[in-house]
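Contents: one structure, followed by commentary.
Just so it is clear, none of the values below were taken in a lab; they were calculated from the coordinates. What you see is a predicted model, and the numbers here were worked out from it, not measured in a lab. Every residue, glycine among them, receives a Cβ derived from its backbone with ideal geometry; neighbour counts consider all protein chains shown.
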Amino acid sequence: MFDLIVKGGTLPDGQVADIGLQGDKIAAVGKLEAEARRVIDATGDLVSPPFVDPHFHMDATLSYGLPRVNASGTLLEGISLWGELRDIATVEDMVARALRYCDWAVSMGLLAIRTHVDTTPDHLRGVTAMLEVKRQVAPYLDLQLVAFPQDGLYRSPTGRANVLRALDMGVDVVGGIPHFERTMEEGAASVRDMARLAAERGLMLDLHCDETDDPHSRHVETLAAEVTRHGLGARAAGSHLTSMHSMDNYYVSKLLPLIAESGMCAIPNPLINITLQGRHDSFPKRRGLTRVKEMQALGITVGWGQDCVLDPWYSLGTADMLDVAFMGLHVAQMTHPEEMARCFRMVTEDNARIMGLAGHGLKVGDQASLVILDAGDPVEALRLRAARLFVVSKGRVVAEAARGDARLDLPGRGGMVRRRVKG
Ligand SMILES: [Zn+2]
């Protein structure tokens, strides 16, 4: 007797199987005849592990227009706007906005999120708020917090001290922003400092790194070297890495093998960087995305991150990782069928690897969390940004939604229009 059986779904690798859930674990996968307290018929539909977002800013989310909108659309105006907002927002404001965002995430099958938390202000209200949110959503959503010195580890007078305070309060991951420090030297020093700190404390490391159009912003080089020195491997990640889009090709031919050697991961954020980067260009105008396919070809784990939803840096967003992968697919020109399928894996299994999530998957013994989509396979899910018909988290059905079909009223045409072509 299972608690729940998901019948006849198509898994991301094309296999058709029933999945039996017992408690908070997947207990069986295959052809199941056993009884269950509840059966969901997923025949023809895609059954996937949950979506994962390895890069977000939940302390700022759903604040669009507060205290005013970002008129220039640049990263720097966004940072200065956020500098005003974080000092007027209360803990209660931030908790309420974050919980609302988590509701959206759950409805989209997004069940694990790494969020950077700004540790710049001495009051650390963002840290207090996000620790509270993490506690409240823990039964259904895994939240990982990064101590993020938004205004610089050294550029802000208490930047370094506040990162340490946040880690002592229970924040999980060491962050940084080397390209925002005053000089290249201080940026490189901040990378060495934070890598050492992560190694000493046995924590993961995730730096906002080279989020700039300046091809001479090369902090990723220092990051890879320090990850290798301390043996951090996949417990370390470089977020954004956008300057790589404009680096000299000869230099990159040396850089990428060093990143691969280190074992570190990369997290581009395509929705945000296609809008923020290239703002100082006339034409030709750069795309603002790092070298995704080129890193993957060397075996580097690359995920897609969402970064922002309705905040000082980005005026749209719905907590849908398929939106993120869809944009990434376009900007990185990942249009071969295998590359499109890879984009889906990036927002599920590759992102789970980056966050170090145990039990993410659809094997026996994995966590009883999955998503049933109104699509026949991963590529169709991307094309449609398909409805999440059922979301199961830790053994419980936590969200349900209707299919994406529509009713037509056209003479001589059928009554229902279905944009699915598979399953
Ligand atoms: Zn970010």
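Some notes on this structure:
- Global geometry of segment 51-355, whether rounded, prolate or oblate, following the gyration tensor of its Cα atoms and the 1.5 cut on a/c: rounded
- Ala17 long-range amide H proximity, modeled H, under 5 Å: Gly8, Gly9, Leu11
- Rounded to whole numbers, the Karplus 3J(HN,Hα) couplings from phi for segment 380-397 are 5, 4, 5, 4, 8, 6, 4, 4, 8, 5, 9, 10, 10, 10, 6, x, 10, 6 Hz, using 6.51 cos²θ - 1.76 cosθ + 1.60 with θ = phi - 60°, and x at Gly and Pro.
- Nonlocal amide H pairs with Ala236, under 5 Å, H built at 1.01 Å: Leu205, Cys265
- Taking every alpha-carbon pair under 8 Å whose residues sit at least 6 apart, the chain reaches a relative contact order of 19 percent.
- Here the Gaussian network model covers the chain, with springs between Cα atoms less than 10 Å apart; of Leu99, Leu382, Leu145, Leu99 fluctuates the most.
- Result for the chain in a Gaussian network model with C-alpha springs under 10 Å: among His219, His208, His230, the largest mean-square fluctuation is at His230.
- Spin-label pair Lys363/Asp405, simplified geometry with 7 Å Cα→Cβ offset, distance in nm: 3.7
- Karplus-derived 3J(HN,Hα), 6.51/-1.76/1.60, for each residue of segment 208-213, Hz, glycine and proline x: 5, 9, 6, 7, 7, 8
- FRET efficiency, Arg201 to Asp248 (Cβ-Cβ, R0 22 Å, nearest 0.05): 0.05
- Alpha-carbon centroid distance for the pair segment 51-84 / segment 251-315, whole angstrom: 19
- Pairs of Lys residues in the chain are counted when their Cα atoms are under 30 angstrom apart and they lie 8 or more places apart or on different chains; the count is 22.
- Beta bridges per DSSP with both ends in the chain, % antiparallel, nearest 5: 45
- When both bridge partners sit in segment 1-106, DSSP labels roughly 60% of those beta bridges antiparallel.
- Segment 1-34-segment 356-419 distance, computed between alpha-carbon centres (Å): 16
- Backbone N atoms of segment 102-127 closer than 20 Å to the 7 Å Cα→Cβ label point of Ala138 belong to residues 102-103, 106, 111-117, 126-127.
- Once exposed loop GluC sites (Glu not before Pro) are cut out (DSSP; at most 12 other Cβ, 10 Å), longest piece of the chain: 36-423
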